[in-house]
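Undergrad: My questions will all concern the structure given below.
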Amino acid sequence: MRAMRSLLALSLLLSFPVLARAQASHDLSGVWQLAPGGGGQGPGDNFPALTAWGKAKYDANKPGYGPKAAPGGNDPILKCDPMGFPRIMFAIWPFEIIQVPGRILMFFEGHHTIREIWMDGRKLPGDPDPRWYGYSVGRWEGDTLVVETIGFNEKTWLGAQGQPHSEEMRTIERYRRIDRNTIEFNLTIDDPKTYTKTWVTEPRLVKLRPGVEIPESFCVASEEEEFARRIREPAARQTGKE
């Protein structure tokens, strides 16, 4: 009996470093920010070929910023609509990951937005009501957090260029903490109604921001309208002349 207890104690002692490493890799708590390089308020401009439906939507979208900027742009965020996912992941703002029992919360500075990821083992619903940020469930595959999301509405853009999506869009995110200060982020977008093939974005790095707090940052319609009148609309008219 004494020998068995000793063997059990030794087994637990040997397994502790493995368990500790697993727990550490599953802890993504903290304030993070996408590392510089190719964000641009969206998952990238090199998107797959559009379907006929997708092209009609894309052609009707008029960005308020960038090379396609046009006066009277109809980007949903210009009227303080939610930015939506995955676009908000690629914005310049930091975000906080908060892990609580059964859920992971992503608290974005942009529009003071909270996104909810269910981690309690539930499956994706069969026919969820469309939402700005979809319905998300996550699971751990080794040291990688895998998040699947469906149930998006069609009101948001995927990027500032006007990349559209449909309610059929499904996304898969993968987050892997490669060191204490860095998460590798991968995104797959599947939307056969809008794009002719699955869109797999380039891996991006997300960096820890120690000591940073998420400030109050709301989109206020009156302030947005004043900014458009004084700055954005004149800039868009100037862009159109070039």
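Undergrad: Mind listing whichever residues of region 113-145 are under 28 Å from C80 (Cα atoms) and hydrophobic (A, V, I, L, M, F, W, C)?
TA: Within region 113-145, I114, I117, W118, W132, V137 qualify.
Undergrad: Does any residue in region 187-215 that is on the phi > 0 side of the Ramachandran plot come within less than 9 Å, Cβ to Cβ, of a residue that is at pLDDT 95 or above six or more places away or on a different chain, and which pairs are these?
TA: Every condition considered, the pairs that remain are G211/V31.
Undergrad: Among (1) under 25 Å from E168 (Cβ atoms); (2) modelled with pLDDT under 90, where does F47 come up short?
TA: (2) is the only condition that F47 fails.
Undergrad: While we're on this one: Based on this model, can you work out whether K123 counts as in contact (Cβ under 8 Å) with a residue 60 or more places away in the chain, of a type outside the set (A, V, I, L, M, F, W, C) and farther than 22 Å from E202 by Cα?
TA: In short, no.
Undergrad: Within the bounds of region 90-109, is there any residue that is on the phi > 0 side of the Ramachandran plot and surrounded by 14 or more Cβ atoms within 10 Å (Cβ to Cβ)?
TA: In the first step, residues of region 90-109 are kept if they are on the phi > 0 side of the Ramachandran plot; the result is 102.
Now drop any that are not surrounded by 14 or more Cβ atoms within 10 Å (Cβ to Cβ), which leaves none.
No; the residues of region 90-109 include none that is on the phi > 0 side of the Ramachandran plot and surrounded by 14 or more Cβ atoms within 10 Å (Cβ to Cβ).
Undergrad: What residue, among those in region 113-162 that are within 15 Å of the chain's Cα centre (by Cα) and modelled with pLDDT under 95, is least open to solvent (accessible area, probe 1.4 Å)?
TA: Per the criteria, the residue is G159.
Undergrad: Are any of the residues in region 94-109 at pLDDT below 95 and not hydrophobic (A, V, I, L, M, F, W, C)?
TA: Checked region 94-109: no residue is at pLDDT below 95 and not hydrophobic (A, V, I, L, M, F, W, C).
Undergrad: How many residues, within region 160-183, are outside any loop (DSSP other than H, G, I, E, B), of a type in the set (D, E, K, R) and farther than 20 Å from D45 by Cα?
TA: Selection size over region 160-183: 4.
Undergrad: For region 170-183, name all the residues that are touching a strand residue (DSSP E or B) at 6+ places or on another chain (Cβ under 6 Å), more than 24 Å from F152 (Cβ to Cβ) and surrounded by fewer than 16 Cβ atoms within 10 Å (Cβ to Cβ). Give the derivation first.
TA: Narrowing region 170-183 to residues touching a strand residue (DSSP E or B) at 6+ places or on another chain (Cβ under 6 Å): 170-178, 181-183.
Still in the list and also more than 24 Å from F152 (Cβ to Cβ): 176-178, 181-182.
Residues satisfying the conditions are I178, N181, T182.
Undergrad: Output the residues belonging to region 186-201 that are buried (at least 21 other Cβ atoms within 10 Å of the Cβ) and within 15 Å of S136 (Cβ to Cβ).
TA: Within region 186-201, L187, I189 meet the criteria.
Undergrad: Inside region 48-59, can you point out the residues that are open to solvent by 40 Å² or more (accessible area, probe 1.4 Å) and outside any helix (DSSP H, G or I)? I'd like the intermediate steps shown before the answer.
TA: Step one: filter region 48-59 for residues open to solvent by 40 Å² or more (accessible area, probe 1.4 Å), giving 49-50, 52-53, 55-57, 59.
Hits for region 48-59 are A49, L50.
Undergrad: From the residues in region 202-225 that are more than 20 Å from the chain's Cα centre (by Cα) and under 16 Å from I97 (Cβ atoms), which one is surrounded by the fewest Cβ atoms within 10 Å (Cβ to Cβ)?
TA: Residue satisfying both the conditions and the ranking: G211.
Undergrad: Same structure again: Confirm whether L28 is at pLDDT 95 or above and either closer than 25 Å to R177 by Cβ or in a strand (DSSP E or B) (or both).
TA: Working: at pLDDT 95 or above: yes; either closer than 25 Å to R177 by Cβ or in a strand (DSSP E or B) (or both): yes.
For L28, the condition - at pLDDT 95 or above and either closer than 25 Å to R177 by Cβ or in a strand (DSSP E or B) (or both) - is met.
Undergrad: I need the full set of residues from region 135-159 which are charged (D, E, K, R) and part of a strand (DSSP E or B), in order please. Talk me through it step by step, then tell me what you get.
TA: Keep residues of region 135-159 that are charged (D, E, K, R), which gives 139, 141, 143, 148, 154-155.
Across region 135-159, the qualifying residues are R139, E141, E148.
Undergrad: Assuming A69 fulfils every condition listed in (1) among the aliphatic types (A, V, I, L, M); (2) open to solvent by 60 Å² or more (accessible area, probe 1.4 Å); (3) at pLDDT below 95 apart from one, which condition is it?
TA: Every listed condition holds for A69 apart from (2).
Undergrad: Something else: Residue check, K62 against (1) among the charged types (D, E, K, R); (2) part of a loop (DSSP other than H, G, I, E, B); (3) open to solvent by less than 30 Å² (accessible area, probe 1.4 Å), all met but one. Which one?
TA: Evaluating K62 over (1) among the charged types (D, E, K, R); (2) part of a loop (DSSP other than H, G, I, E, B); (3) open to solvent by less than 30 Å² (accessible area, probe 1.4 Å) leaves (3) as the failure.
The values are calculated or read from the model by the stated rules, or taken from the named source; none is laboratory data. Because the structure is predicted, anything quoted here is derived from the model rather than measured. Positions of Cβ are backbone-derived with ideal geometry, glycine not excepted, and every protein chain shown enters the neighbour counts. The accessibility values were calculated without ligands, DNA or RNA, using every heavy atom of the protein model including side chains. Shrake-Rupley method; radii C 1.70, N 1.55, O 1.52, S 1.80 Å.
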